[in-house]
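Accompanying notes for the structure given below.
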Amino acid sequence: MNPIVYVLNGPNLNLLGKRQPEIYGRETLADVEAECRLMAKELGLDIEFRQTNAEFQLIDWIHEARERAAGIVINPAALTHSSVAVLDALKTCEFPILEVHISNIHQREEFRHHSFVSCVAAGVICGFGTQGYPLAIQRLARLIGSRGPLPVQRAFLVGLIGAGIQASRTPAMHEQEGAAQGLRYVYKLIDLEILGLGADALAELIIAAERMGFAGLNITHPCKQSVIPLLDDLSEDARALGAVNTVVLKDGKRIGHNTDWFGFAENFKRGLPDVPRDHVVQLGAGGAGSAVAHAALTCGIKKLTIVDVAADRAKSVADGLATRFSRDRVSVATPAEIAAVIATANGLINTTPIGMAKYPGLPLPAKLLRPDLWVAEIVYFPMETELLRTARALGCRTLDGGGMAVFQAVEAFRLFTGIKPDAERMLQHFTAMNAAIS
Ligand code: CA2
């Protein structure tokens, strides 16, 4: 139920718009009522709009309002200047009263300069023409704390398709930010493992998501590459990287993006802003590996050596990078060559799954780490991988994968909704969530 506001008008105001337009304008009282109703609706108020030529009637309505209303807007008309009775009635009210006059009574005859009711009014509006009425209602809404009807909230349904994704923090990050933005935001996990489906179910799942009105999907292992043929178009980054982690579903079209590289770049810029970047070794050339390598070169790493157990995979990522950055900034090495390449490196980035809760261990022999080597991870589950723990113990500067997880979500949220999320808030929420869980 909305609060009720009485808008009361005294003698002769029924003539509004019909006589003396030079003083009172051309709007009729019915016009004024319509404007008041419009304003009241916007502010979540109900109004009783009344006019009378009889003093007793005005007083009776004030008494009635005492019982029912949250406030009064009153133009007592000539009674303003004469009626102690109207004043006494208003004095019994315990809610805000706003006094309105269409004309500027202070520019008119001397007898109109005094108002009997102003002393009980929370405010007086005069000389604004009939506009004074909606203005008074607006002010009254403030005074009684009416914020208006609940705004219609925009709704977004999104999700993540992947295998073994139950521990993902992405749904909570999106939903929390959606709520903070005043949206109805639901993020569903579509876990192939739980559904007992293979990656070949992807086509069917995307159609289902479209039919159910999903605004978009995040895509993860093992579908980041296989999703590409199912899409209508790709962003420049996704095309370059050959991997998609975000699909926007809009106007019957599926557009693939890659926010992973942005996630790593942003995390790196914040977490290791001043580390040397002459030569860096990256372990892993999988889907995440190509995005991270792209981010690393974008962040000014002068030379990147990519190491992968599958030589062809490392070569294909390196070839892709060479077309976008210069060839001499990228090279490949086999696991047998790690010791040699790491000897000249300033930093090490691990993009292999080794270190994840599912694949514990170190992605390279511990003896290859040294205190002057910085070490970055993309895994955030656990936040401290064995690699990070070992490196930290040695005195290396390190970067965990938490920030990357947050910033890929920041960018995906923006793509799904068209609304800029608050990255700092998402970061804080992620940190708090991890502290509560671990
Ligand atoms: O300016 C105002 O709103 C007044 O309250 C109007 C009162 C007057 O006595 C006050 O001093 C100021 C008069 C209302 C009469 O309304 C008419 C409207 C159109 C034509 C004739 C009278």
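The values are calculated or read from the model by the stated rules, or taken from the named source; none is laboratory data. Keep in mind it's a predicted model, so treat the numbers as computed, not measured. Cβ: placed from backbone, ideal geometry, glycine included. Neighbour counts: every protein chain shown. Surface accessibility is based on the protein's heavy atoms, side chains included, excluding ligands, DNA and RNA. Shrake-Rupley method; radii C 1.70, N 1.55, O 1.52, S 1.80 Å.
One table, with the values for the structure above:
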quantity: Mean Cβ neighbour count within 10 Å, used as a protection proxy, ranking 387-400, 66-79, 14-27 highest first; calculated: 66-79, 387-400, 14-27
quantity: Positive minus negative residues near Gly418 (Lys, Arg vs Asp, Glu; Cβ under 13 Å); calculated: +2
quantity: Surface accessible to a 1.4 Å probe, per residue, for the residues of the chain, Å²; calculated: 46 Å²
quantity: Neighbourhood net charge (14 Å Cβ-Cβ; Lys/Arg +1, Asp/Glu -1) for His63; calculated: -3
quantity: Segment 240-399: mean projected area of Cα convex hull, nm²; calculated: 9.7 nm²
quantity: Of all accessible heavy-atom area on segment 265-348, the percent that carbon and sulfur account for (1.4 Å); calculated: 58 percent
quantity: Alpha-carbon Debye profile of segment 60-137, log10 I(q)/I(0) at 0.13, 0.15 Å⁻¹; calculated: -0.36, -0.48
quantity: Rounded to 10°, Cα long-axis angle of helix 260-271 versus longest principal axis of the chain; calculated: 90 degrees
quantity: Segment Ala122-Val275, extension gain: residue separation times 0.36 nm, minus the distance between their alpha carbons; calculated: 48.8 nm
quantity: Antiparallel bridge percentage (DSSP; both residues within segment 249-392; nearest 5); calculated: 10 percent
quantity: Value of D in µm² per second that Stokes-Einstein yields for the chain, Kirkwood Rh from Cα pairs, at 37 °C (0.692 mPa s); calculated: 123 µm²/s
quantity: Between helix 402-417 and the chain: long-axis angle, C-alpha atoms, 0 to 90°, nearest 10; calculated: 50 degrees
quantity: Accessible surface of segment 150-227 [probe 1.4 Å, protein heavy atoms]: carbon and sulfur percent; calculated: 56 percent
quantity: DSSP-defined antiparallel bridges as percent of all bridges, the chain, nearest 5; calculated: 15 percent
quantity: Helix 202-211 axis, angle to the chain major axis (alpha carbon atoms, nearest 10°); calculated: 0 degrees
quantity: Local net charge near Pro353, Cβ-Cβ under 13 Å (Lys/Arg +1, Asp/Glu -1); calculated: -2
quantity: Percent carbon-and-sulfur accessible area, segment 1-113, ignoring ligands, DNA and RNA, probe 1.4 Å; calculated: 49 percent
quantity: Among 168-179, 33-44, the order from most to least packed when residues are scored by Cβ within 10 Å on average; calculated: 168-179, 33-44
quantity: Relative contact order %, segment 257-363, counting alpha carbon pairs below 8 Å whose residues are six or more apart; calculated: 31 percent
